[in-house]
């Protein structure tokens, strides 16, 4: 079967990022209205998105201290009326010369870096000085908000920390390089306005407790973490799905609230060898199947099927001020 693709997952922005990586906020999936690629995405958005990726995020990841980046919140189409706004400009709208994204720097987090310490490290990466504008940290959190502006544009400077965060699926850490929201990406869901984020994954009033979807996500990260360490960041294009979303031959394997086996489709970085990736994945005892194929984002996708594997190392709600 050929996966049903949209422009959200076929638009490649840089070696390690496709556009779907930046439809990362839970509100994009919970807005409840279709977000058609052809009516929303335009040349201004794309120019800023490619600048954000090629000039800021890719050089940042090449810094040996930083490593692979997980995107927690980024592009809010203007059709969503309650998108981020502030006195500092269009921010997550990706217009008027700037593009903003919230990112997790898990390699640094695992070395005990959080909040303002993360901010200082990013601001010390000189290679991005020309295009980096604001860097905002969240108290005791593993996330940063970074804003891209093209080289030579007037910068607003770095604004301080103190920004609050609501409890969301991206706060649930499930692997060395992954949080729960990383596995909710799906272009067709965006096009149709269908929510794929588990309803009980986030609450501002509950203490942390595991949900069934985490078991599947951690079973995947048990094999994906070594792959990412070896070949670089990957992009999920079809992960967990709800019962009403799909009825194809793979639908049951994407119901992560049930017992395994489970299925995941992800895209490799541009230029990565799919056979090498396949061999790395097949070496794990819980992998049932790995099927590589060409992907329209100028790379290869892999359909991965796994059985359950216990992976507790990164389990839990990570930001300490939310615990």
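The values are calculated or read from the model by the stated rules, or taken from the named source; none is laboratory data. Just so it is clear, the model here is predicted, and its values are computed rather than measured. Please note: Cβ atoms are built from the backbone with ideal geometry, for glycine as well, and neighbour counts cover all protein chains shown.
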Worksheet item: When residues of region 278-306 are filtered for being under 20 Å from the mean Cα position of the chain (by Cα) and more than 20 Å from residue 214 (Cβ to Cβ), how many remain?
Response: 9
Discussion item. Go through region 10-34 and report how many residues are at pLDDT below 95 and farther than 17 Å from residue 95 by Cα.
Written reply: 11
Discussion item. Just checking, does region 218-230 include any residue being assigned to a helix (DSSP H, G or I), modelled with pLDDT of 90 or more, surrounded by fewer than 17 Cβ atoms within 10 Å (Cβ to Cβ) and within 17 Å of the chain's Cα centre (by Cα)?
Written reply: yes
Item to complete: Specify which of the listed residues (307, 273, 279) is modelled with pLDDT of 95 or more and within 25 Å of residue 172 (Cβ to Cβ).
Response: 307
Item to complete: Please work out which one of (1) out of contact with any helix residue (DSSP H, G or I) (no Cβ under 6 Å at 6 or more places or on another chain); (2) modelled with pLDDT of 90 or more is the condition residue 183 fails and give its number.
Response: (1)
Item to complete: Kindly provide the set of residues from region 274-307 that are surrounded by fewer than 19 Cβ atoms within 10 Å (Cβ to Cβ), in contact with a strand residue (DSSP E or B) (Cβ under 7 Å, 6 or more places away or on another chain) and over 25 Å from residue 14 (Cβ atoms), ordered by number.
Response: 282, 286, 288, 289, 291, 305, 307
Discussion item. For region 2-26, which positions are assigned to a helix (DSSP H, G or I) and in contact with a strand residue (DSSP E or B) (Cβ under 9 Å, 6 or more places away or on another chain)?
Written reply: 8, 9, 10, 19, 20, 21, 22, 26
